[in-house]
Amino acid sequence: MSTQSEFDAIVIGSGAGGGTLALHLAQAGKKILILERGPFMPQEKLNWDTSAVFLDNRYHTKETWQDKDGKPLHPQQAYFVGGQTKVYGAAMFRMRAEDFGVIQHQGGISPAWPITYADMEPFYCRAEDLFHVHGDLGTAPTVPGGYGSSYDPTEPFHSIKYPYPAFSNEPRMQTIEDDVRKLGIHTFPIPLGLKRNEASPLASKCVRCDTCDGYPCLIHAKSDADINCIRQIMHWPNVTLLTNSRVTRLLTNSSGSAVTAVEVVHSGSDAASKDGNAANYSAGIFAVCAGAINSAVILLASANDKYPNGLGNSSDQVGRNFMYHQADALLALGPEGNEDSYTKTWGTNDFYFKDSDPAYPFPLGQVQPVGSFHFEMMKGDAPPLTPGFVLEEMKQHAVPWWLTTEDLPDPENRVTLHNATPLTVANWQPGVGGAHPAGDTGRTNESAAVTDSAPMRIQLSYTPNNVESFNRLKDRWVDVLRRAGHATTSVPLHAYFKKRIPLEGVGHQNGTCRMGTDPTTSVLDPHCKAHDLDNLYVVDASCFVSASAVNPSLTIIANAIRVADHLLAERLK
């Protein structure tokens, strides 16, 4: 066992939470170590290859988990610097103010957070600035706290307007928006973390291509935790970034009151832990930012005499209350052609808090388009042997929609660990080194050595809830599109996340280490510090008490800035 030098803080994971936290600690001059299990994602033609991204799962881990029935689960986890933000859709929503309180759903209760929207609001502003969010509040009517939205009645107050202007519609989406508005539906421009300069396209990083959303951005025009955070600081003298370095567990002092070191397995030729021996690193503060599932895994794997059920788990809540949204993609087929490149420019929250049927007094959720759509994505849903040209013809007349309903915390929806020998297996991922062919010769780049959890070691048990509201949302939206003349038929599009946002589609994962004021029912305090340990923080979507029905990214980023401020003011003075 080797022990490395002391750091002010060690940040485990470099996604939306870890990347943002690391940036702010580094900017304050703190000596930090960033541990990322994956490599940098390569820039290569395959970034924009639909078959490679969606059918071959090129940028998803080869790690195998198991579901509640013990069947193999192939998670759509992207283990790279920047984490899931490398392959997210960059929709940057604030949670609604009401989402921080108690909401009664048909499927049960969405509980209150220990912090309010007003607590988070200044950090949402900073997160929007950091991730170059393009949005529009319309005439921005004055409301208590700042500005409201003249487009979206559910939008909470903004103390500062969006830093960049919203994306405009292309012709097909403009027509649908106009026709839907005639029915009295409120639509709003979707806030997007894409670096588009419509006023000066020549100066624009984003080229408004048709391979956005779940594709990695070949030209680095998508705001992500890699480009916007890690690459801003990685060469600074106070920052050490170790890639291909997977944390296996945390070690504590003898009383169990504090974490003393992190145990890491390095991969690659320059690995400090050659021959599979772990390297240890020590620090004053430890921040676990591995994503809701893997952060729980790290805590559970760190069980010791003081914490037999997992580190920081005196509440028995670590790994529980996993949420990831009731979500599905829906394909609306109309007689008109659709030649738009990028379609995720407007959505509606008219069903967010209520159904149009007063007899059903429960929230339904959010509607937004899918940003990029290609006929290969339909292969998973088409009848076997459907010719490609039939799918291509369908694609020319289709607009894909993304529907999200809140799923509710359930203690039995949880992450658990199983014993395995060995605990770690070696794998290969696309890496930056070597040549990067387009794949048409059958050759692709797999140059990065990584380690993964042993097959079936991680179990993700999940039973859907709040499903009736989700089905109603689909019915309502199809009805709106039909009445607006834009859906002669609709089919669920499973291929976008392969076979109906099944459990594999864990992009919106949250819960597992909820924050709260009561150590018996929550894992973290309102500053995201573990109740049980003095120097352990979990700074990703694990802390979410409820999922809301909006994409979680902006809330993860804003919360990481909030925690960074707390650490710098109170712990790392």
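The values are calculated or read from the model by the stated rules, or taken from the named source; none is laboratory data. Please read all numbers here as calculations on a predicted model, not as lab measurements. Neighbour counts are summed over all protein chains in view; Cβ atoms, including those assigned to glycine, are modelled from backbone coordinates with ideal geometry. Only protein heavy atoms, including side chains, enter the accessible area calculation; ligands, DNA and RNA are left aside. Shrake-Rupley method; radii C 1.70, N 1.55, O 1.52, S 1.80 Å.
Quick rundown of the values:
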| read-out | value |
| --- | --- |
| Residue that is outside any loop (DSSP other than H, G, I, E, B), on the phi < 0 side of the Ramachandran plot and without any contact (Cβ under 8 Å) to a residue 12 or more places away in the chain, where the choices are 322, 389 | 389 |
| Selection within region 426-465 - crowded, with 16+ Cβ neighbours inside 10 Å and under 21 Å from the mean Cα position of the chain (by Cα) | 429, 430, 452, 453, 458, 459, 460, 461, 462, 465 |
| Selected residue [among the charged types (D, E, K, R), out of contact with any Gly (no Cβ under 9 Å at 6 or more places or on another chain) and farther than 21 Å from residue 549 by Cα] from 161, 195 | 195 |
| Matching option when the condition is surrounded by fewer than 24 Cβ atoms within 10 Å (Cβ to Cβ) and closer than 17 Å to residue 323 by Cα, among 546, 522 | 522 |
| Residue in region 99-122 that is farther than 24 Å from residue 406 by Cα and in contact (Cβ under 8 Å) with a residue 24 or more places away in the chain present | yes |
| Verdict on residue 131 being open to solvent by less than 40 Å² (accessible area, probe 1.4 Å), among the aromatic types (Phe, Trp, Tyr) and under 24 Å from residue 529 (Cβ atoms) | no |
| Region 148-203, subset under 23 Å from the mean Cα position of the chain (by Cα) and of a type in the set (Val, Ile, Thr), residue surrounded by the fewest Cβ atoms within 10 Å (Cβ to Cβ) | 154 |
| Residue within region 56-78 that is touching a residue at least 40 places away in the same chain (Cβ under 8 Å), in a loop (DSSP other than H, G, I, E, B) and more than 28 Å from residue 297 (Cα to Cα) present | no |
| Selection from region 364-379 of residues that are within 17 Å of residue 50 (Cα to Cα) and either open to solvent by 50 Å² or more (accessible area, probe 1.4 Å) or at pLDDT 75 or above (or both) | 370, 371, 372, 373, 374, 375, 376, 377, 379 |
| Strands (runs of 3 or more DSSP E) within region 206-268 that include 2 or more residues surrounded by 19 or more Cβ atoms within 10 Å (Cβ to Cβ) and touching a Leu at 6+ places or on another chain (Cβ under 6 Å) | 245-252, 259-266 |
| Residues located in region 135-152, provided they are in contact with an Asp or Glu (Cβ under 9 Å, 6 or more places away or on another chain) and within 28 Å of residue 226 (Cβ to Cβ) | 135 |
| Top-ranked residue in region 65-83 [being touching an Asp or Glu at 6+ places or on another chain (Cβ under 9 Å) and open to solvent by 30 Å² or more (accessible area, probe 1.4 Å); ranked as nearest to residue 392 (Cα to Cα)] | 74 |
| Residues of region 88-119 classified as out of contact with any helix residue (DSSP H, G or I) (no Cβ under 8 Å at 6 or more places or on another chain) and either among the β-branched types (Val, Ile, Thr) or buried (at least 23 other Cβ atoms within 10 Å of the Cβ) (or both), total | 4 |
| Residue list for region 90-143, restricted to those being in contact with a Leu (Cβ under 9 Å, 6 or more places away or on another chain) and of a type in the set (Asp, Glu) | 128 |
| Residues of region 1-55 satisfying the condition of being part of a helix (DSSP H, G or I), hydroxyl-bearing (Ser, Thr, Tyr) and at pLDDT 95 or above | 20 |
| Per-region count, region 337-382, residues of a type in the set (A, V, I, L, M) and in a strand (DSSP E or B) | 1 |
| Members of region 295-310 found to be in contact (Cβ under 8 Å) with a residue 40 or more places away in the chain and of a type in the set (A, V, I, L, M, F, W, C), listed by number | 296, 297, 298, 299, 300, 301 |
| Test result for residue 340, surrounded by 14 or more Cβ atoms within 10 Å (Cβ to Cβ), acidic (Asp, Glu), modelled with pLDDT under 85 and out of contact with any Ser or Thr (no Cβ under 6 Å at 6 or more places or on another chain) | no |
| Conditions (1) loosely packed, with under 14 Cβ neighbours inside 10 Å; (2) of a type outside the set (D, E, K, R); (3) more than 19 Å from residue 506 (Cβ to Cβ); (4) modelled with pLDDT of 95 or more; number of the one not met by residue 411 | (3) |
| Residue that is nearest to residue 310 (Cα to Cα), among those in region 423-436 that are free of Cβ contacts under 8 Å to residues at least 40 places away in the same chain and in a loop (DSSP other than H, G, I, E, B) | 433 |
